[in-house]
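A short write-up of the structure that comes next.
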Amino acid sequence: MTMMVETYAEGRQRDSGVGEMYTIATLGSHSALQILKGAHDEGFKTLAIANRETERLYRSFAFVDEVITIDKYSDFMLLVPELEKRKIIIVPHGSFVAYLSLEDHKKMRIPYFGNKAVLDWEASRELQRDWLLRAGLKLPRQFKTGAEIDRPVIVKLYGAQGGKGYMFLRDAMDFEERASLLARQNYILQEYIIGVPLYIHYFYSSLTGKLEIMSMDRRYETNVDSLGRIPSQAQAGMDVDPSYVVVGNQPISLRESMLAEAYRMGEDVVRVSQEICGPKGLFGAFCIETIITPDTNFYIMEISARIVAGTNLFIDGSPYSYLNYSEPMSTGRRIAREIKNALLSNSLDTILDDSTIQHH
Amino acid sequence: MTMMVETYAEGRQRDSGVGEMYTIATLGSHSALQILKGAHDEGFKTLAIANRETERLYRSFAFVDEVITIDKYSDFMLLVPELEKRKIIIVPHGSFVAYLSLEDHKKMRIPYFGNKAVLDWEASRELQRDWLLRAGLKLPRQFKTGAEIDRPVIVKLYGAQGGKGYMFLRDAMDFEERASLLARQNYILQEYIIGVPLYIHYFYSSLTGKLEIMSMDRRYETNVDSLGRIPSQAQAGMDVDPSYVVVGNQPISLRESMLAEAYRMGEDVVRVSQEICGPKGLFGAFCIETIITPDTNFYIMEISARIVAGTNLFIDGSPYSYLNYSEPMSTGRRIAREIKNALLSNSLDTILDDSTIQHH
Amino acid sequence: MTMMVETYAEGRQRDSGVGEMYTIATLGSHSALQILKGAHDEGFKTLAIANRETERLYRSFAFVDEVITIDKYSDFMLLVPELEKRKIIIVPHGSFVAYLSLEDHKKMRIPYFGNKAVLDWEASRELQRDWLLRAGLKLPRQFKTGAEIDRPVIVKLYGAQGGKGYMFLRDAMDFEERASLLARQNYILQEYIIGVPLYIHYFYSSLTGKLEIMSMDRRYETNVDSLGRIPSQAQAGMDVDPSYVVVGNQPISLRESMLAEAYRMGEDVVRVSQEICGPKGLFGAFCIETIITPDTNFYIMEISARIVAGTNLFIDGSPYSYLNYSEPMSTGRRIAREIKNALLSNSLDTILDDSTIQHH
């Protein structure tokens, strides 16, 4: 079925007609530009749901056919009845998870690219840990109480978004000093792994059963990625606390001898997802966030079960996606290509969440 | 008028004829390769003015039609009379500012892409600060005297180029120790903002009135970007002073939820420039140099009113320019495209400095 | 002869027929994907020699026509008799050097892209140093004994691969403490240069006599590239030793005013190689690994006489290669293009190691 891709979808021509009937829609944030550009390039109409601050930006691009402006992104649910009446497919990204509750996600009946059942396994840090362990991945140690801490840890508040609310603690004493800050909060205490971060962007096609590595990045975090530029003696006097707020991304390529392992990790995560989240499992775009230690082991920090912002580095294609496509293939465009392939092979149901399948 | 771009200028074909009559010229340094490659791809003839060290490099590229060699770049003014006789358009970059005085800039009558009136507002740190404040941007605090210093600062010598002559000071005492070094020098004392650097490359078209974000980078500075690789205990013993000499650039993408703000900053800077530098204001390529703090605020370090070296990462296109163009669109090529569009719509005067408009 | 490139080889069409008769083969590791993708795009058949762990990865790509699986890469020599019977050209990369001895390299009679005589000059740290000094390059100081050490040094074990076995030493005392660890090992003690790393990827064509800069990167090393993210006070307590294991690469562009010097270094290295390694000298892909100091000097750490892994960032082309080619030109593809040009101009012998020239 891989051949299909080559046959159906020669790039930018909007002549297939299949896409023209559908509008791909998403919230104007996170990776919306990439998703809508990709949708346009595959022949779909495009819709950005923006707010007052962002509508001007999204209107400035020719590939955005329509912008609907709402007051704040959490008002999205008010739009749902209207959107449900149109021939729309929603491509979700991180801002959906940030602004919509799990319940709201499940209530929506707009055709939704992806499997909502995965959301439960991703949202709970315990379930996610189970999933990754069952897939045989290496995870950092977790500590249940501050007293257990015997090495540096990262504190991650529940629901922390974009690295906000992460905290570095040197030891148990450090924990004691912040105890009042952490009281009445839910958080996990994760071993601080010393190594370099690498985020691997995958795409799994449930139409072809094939996994692709799309691209890779590392996050660009403030202020932690600026600390190294301050001489250590000066740092001592300045007493800066590291923060991990993600404000961008940087491209990385992985040593090729480690690529087979990266590929295997992706396949294992998909395989286990099909056991735990219903037969559809995890499909489409996802990302495994790793730290690589000097013994070249991957430690897994987290999994994101949809397109991640790091793919924004590769709107015009990546060295990895170029191995599979002779044209610039972003993850956003790959999603649109999958939807198009599903339409052309009459298997749209395969790539939509079950609750959003319409009886056409 | 945006449509024009699509209609006129389909990439590499040199068939429009309009470009062939003109030669795009620049100094062989900084971003000359990108400017001349872009000019060639848009159908112009190209001229590099090189020195003995660089002529071999520029001659090695097929898209450089002509190389004129001078002894040193500051000899450029000697060439001017000859160049004024030809059908040449100068595209200036950072090395023009480095090697030519403001007076020389203004004396030249060669058709010059850009508005020289902006140079005064850029060259003076006080005027530049005024400009950016009027545009509503956040600037780091400035200290007038060493005694005022109550936090780490960056000392920037007047006329410092490429980060040379920047100095990090921890506190007022540190200032005292360097006092003799700084005596009889002109400098500013700028609050050291702790956060990650991001340089945003814009292009404002005075033909269409539209602003585009072309690409983004961070500088690669020696030795400061190598300090983090030295363990802090070892640094203590080595007593290294950070230096900020720019020797390269690294690509970055910005969190999409901050992109609307980045776009607005560009528009505000252009709008104010039209009030202070004559009606033409700032147009063409420019760059806002920011530090992003953990509260996701942009602090503005500086503005560069023309193409910056960070765009050299994107000679074959960038993820951002791909949103607007279906072909590799560097900033250098975007400039040539603008000149071509001006020629085709008979509005060359719109994009040249007023003092260099010729009565054709 | 540069024109030839344009005439012969318009991209992805496999119609030239010349390539179809030959298979480009390499070990499934290091930069094999790039080499084989490039070979495919230039019209060659492709063969990956993989092991049990990697065969699945290489089979997943459509441009890999054939995969032969061996138990371990050092078993490669067992395959040689079979490969010698076929119309195969080997493109070597770093893993050949890692897994095959110099003797085995020389024993092989499979047509081999490159000049094996260069291997001796590269493998011996003394000969390599001679070579680079004769080319006029700046090298870090070397210390013969621990007692001589008067500044921080890097210890490099002989045969260290991918940065494994590098060690940072602050001073002579630090050396004493590790003395037992270093006893009975062969190593060099190299001055630790404080500055930013830059790896420059070149391609020298012995068909045209022209040198090209293909791309640039810096290595991504664990754990040393993560140290800067740990606040200096915390580092003190954690007592982390830096390690330099290469697990990836990051793209960099070089300040254009330093590019002519980078070009000259490449030419000088090639020129001297033609004096010391026989008339063919060094040709094809190579890399000079530098540290740039605040006075903008390049210090040379090492030379790699073939394609390096940093080029994997540019499988879909680089800003530098785009200056010479209007299509995505990776170093891997450039190699295949060179082989194709040799075939078309009946000069295959020019680009193969002398010992592997067959009498066709």
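Taking the axis that carries chain A onto chain C, what is the nearest Cβ in chain A, and at how many Å, to the whole number?
A:Gly228, 1
Under the convention of a label 7 Å out along Cα→Cβ, give the distances in nm from C:Asp354 to the same position in every other copy, shortest first.
7.1, 7.1
Between Rg and the Kirkwood Rh of region A:142-191, both from Cα atoms, what is the Rg to Rh ratio? Don't skip to the answer; put the middle values down first.
Values: Rg = 9.9 Å, Rh = 10.8 Å.
Taking Rh as the inverse mean 1/r over Cα pairs, Rg/Rh reads 0.92.
To the nearest µm²/s, what D does Stokes-Einstein give for region B:53-95 at 25 °C and 0.890 mPa s, using the Kirkwood radius over alpha carbon pairs as Rh? Don't jump to the answer; show the numbers that get you there.
On the way: Rh = 12.0 Å.
So the translational diffusion coefficient is about 205 µm²/s.
In square nanometres, what is one fourth of the surface area of the convex hull spanned by the alpha carbons of region B:164-292? Mind showing how you got there, number by number?
Working: hull surface 43.9 nm².
If I average the Cα hull's projected area over directions, I get 11.0 nm².
Tilt of helix B:32-41 relative to the longest C-alpha principal axis of chain B, in degrees (0 to 90, nearest 10)?
Helix B:32-41 and the main axis of chain B meet at about 30 degrees.
Quick one: if you take sqrt(5λ) for each eigenvalue of the C-alpha gyration tensor of region C:110-219, what semi-axes come out, biggest first, whole angstrom?
Numbers: eigenvalues 199, 55, 36 Å².
Taking √(5λ) for each eigenvalue gives 32, 17, 13 Å, largest first.
Once you've got the GNM for chain B with C-alpha springs shorter than 10 Å, pick whichever of B:Gly284, B:Gly17, B:Gly162 has the biggest mean-square fluctuation.
For chain B, modelled as a Gaussian network with Cα springs under 10 Å, the answer is B:Gly17.
State which entries of C:Lys107/C:Lys210; A:Lys37/A:Lys106; A:Lys45/A:Lys85; A:Lys106/A:Lys280; A:Lys72/B:Lys210; C:Lys37/C:Lys107 exceed 20 angstrom in Cα-Cα distance in the structure shown.
On the way: C:Lys107/C:Lys210 30 Å; A:Lys37/A:Lys106 27 Å; A:Lys45/A:Lys85 16 Å; A:Lys106/A:Lys280 16 Å; A:Lys72/B:Lys210 27 Å; C:Lys37/C:Lys107 28 Å.
Result: C:Lys107/C:Lys210; A:Lys37/A:Lys106; A:Lys72/B:Lys210; C:Lys37/C:Lys107 exceed 20 Å.
Placing one identical point scatterer on every Cα of region A:239-360 and ignoring solvent, what is log10 I(q)/I(0) from the Debye formula at q = 0.09, 0.20, 0.21, 0.23 Å⁻¹?
Normalising to I(0) and taking log10 leaves -0.34, -1.40, -1.47, -1.55.
Give me the tail of P(r) for region C:32-170 as a percent: Cα-Cα pairs with distance above 21 Å. Present the calculation step by step, with values, prior to reporting the outcome.
Numbers: 5430 of 9591 pairs.
The answer is 57 percent, as a whole percent.
Using just the Cα positions, wrap region A:76-153 in a convex hull and report its mean projected area in square nanometres, one decimal place.
Values: hull surface 28.7 nm².
If I average the Cα hull's projected area over directions, I get 7.2 nm².
Counting pairs of alpha carbon atoms under 8 Å apart in space and at least six apart in sequence, what relative contact order in percent does region C:142-191 give? List each step's numbers first, then the result.
Numbers: 72 pairs, mean separation 26.8, N = 50.
Averaging sequence separation for qualifying contacts and normalising by length gives 54 percent for region C:142-191.
Just to confirm the number: angle between the C-alpha axis of helix A:125-134 and the first principal axis of chain A, 0 to 90 degrees, nearest 10?
With rounding to tens, the tilt is 80 degrees.
Based on a Kirkwood Rh over C-alpha pairs, give the Stokes-Einstein translational diffusion coefficient of region B:230-287 at 10 °C and viscosity 1.306 mPa s in µm²/s. The partial results should precede the final answer.
Details: Rh = 15.6 Å.
In µm²/s, the coefficient is 102.
Net charge around B:Gly38, counting only other residues with Cβ within less than 9 Å of its Cβ (Lys, Arg = +1; Asp, Glu = -1)?
Working: positive: B:Lys37, B:Arg333, B:Arg334, B:Arg337; negative: B:Asp41, B:Glu42.
Local charge sum for B:Gly38: +2.
Rounded to two decimals, what is the ratio between the C-alpha radius of gyration of the protein assembly as shown and 2.2 N^0.38 Å?
0.92
Between the label point of C:Gly17 and that of the same position in each other copy, find the distances and list them shortest first in nm, with every label point placed 7 Å from Cα along the Cα-to-C-beta direction.
The projected label point of C:Gly17 is separated from its counterparts by 4.0, 4.0 nm.
Over region A:298-339, what is the relative contact order in whole percent, taking alpha-carbon pairs under 8 Å and six or more residues apart?
On the way: 26 pairs, mean separation 13.5, N = 42.
Once normalised by length, the contact order is 32 percent.
Give me the net charge for the shell around B:Gly310: Cβ to Cβ below 10 angstrom, other residues only, Lys and Arg +1, Asp and Glu -1. Please list the in-between numbers first.
Values: positive: B:Arg218, B:Arg219; negative: B:Asp217, B:Glu289.
Charge balance in the 10 Å sphere: 0.
Enter the angle in degrees (range 0 to 90, nearest 10) between the Cα long axis of helix A:172-182 and the first principal axis of the Cα atoms of chain A, meaning the one along which they spread out most.
50 degrees
Before anything else, pin down the relative contact order of region C:55-135: Cα pairs under 8 Å, at least 6 apart, normalised by residue count, whole percent.
Numbers: 43 pairs, mean separation 18.4, N = 81.
This gives 23 percent for region C:55-135.
May I ask you to report, in nm to one decimal and beginning with the shortest, the distances from B:Lys107 to the same position in the other copies, taking label points 7 Å along Cα-to-Cβ?
Here B:Lys107 shows inter-copy label distances of 7.3, 7.3 nm.
Percent of Cα-Cα pairs more than 34 Å apart in chain A, please. Working shown, then result.
Numbers: 17765 of 64620 pairs.
Tail of the P(r) past 34 Å holds 27 percent of the pairs.
Can you pull the mean other chain C-beta count within 10 Å for peptide B:236-247? Please report the intermediate quantities before stating the final value.
Numbers: counts 7, 4, 8, 2, 4, 2, 5, 5, 2, 8, 2, 14.
Rounded to a whole number, the mean comes out at 5.
Charges only on Cβ, +1 for Lys and Arg, -1 for Asp and Glu: so what's the dipole of chain B about the Cα centre, in debye to the nearest 20? Spell out each step's value before the answer.
On the way: 40 positive and 47 negative charges, 78 e Å.
Once rounded to the nearest 20, the dipole reads 380 debye.
Run down the aspartates and glutamates and flag those whose C-alpha is under 16 Å from the C-alpha of C:Lys87, throwing out any fewer than 8 positions away in its chain.
Of all the aspartates and glutamates, those that pass the test against C:Lys87 - Cα under 16 Å, at least 8 places apart if same chain - are C:Glu20, C:Asp65, C:Glu66, C:Asp349, C:Asp353.
Explain nothing, just the number: dipole magnitude of region B:142-191 about its Cα centre with +1 on each Lys and Arg Cβ and -1 on each Asp and Glu Cβ, in debye rounded to the nearest 20. Could the numbers behind the result be given before it?
On the way: 7 positive and 7 negative charges, 59 e Å.
Using Cβ point charges on Lys, Arg, Asp and Glu, region B:142-191 gives about 280 debye.
List the lysines whose Cα lies under 29 Å from the Cα of A:Lys144, skipping any in the same chain that are fewer than 8 positions away.
A:Lys156, A:Lys164
Calculate, in nm to one decimal, what B:Met77 and B:Leu157 gain on full extension: separation in residues at 0.36 nm each, minus their alpha carbon distance. Can you show the working numbers first?
Numbers: separation 80, 0.36 × 80 = 28.80 nm, distance 2.61 nm.
Result: 26.2 nm gained on full extension.
If we count every other residue with Cβ under 14 angstrom of A:Tyr204's Cβ, Lys/Arg +1 and Asp/Glu -1, where does the sum land? Present the calculation step by step, with values, prior to reporting the outcome.
On the way: positive: A:Lys210, A:Arg264, A:Arg271, A:Lys280, A:Arg306, A:Arg334, A:Arg337; negative: A:Glu212, A:Glu267, A:Asp268, A:Glu338.
So the surrounding residues net to +3.
Among C:Leu137, C:Gly209, C:Leu343, whose Cα projects farthest towards the positive end of the dipole of the protein assembly as shown, with charges put on the beta-carbon of Lys, Arg (+1) and Asp, Glu (-1)?
After comparing all options, I get C:Leu343.
Coordinate-derived values only; no laboratory data. Because the structure is predicted, anything quoted here is derived from the model rather than measured. When we count neighbours, we look across all protein chains shown, and the Cβ atoms used for this are built from the backbone with ideal geometry, even at glycine.
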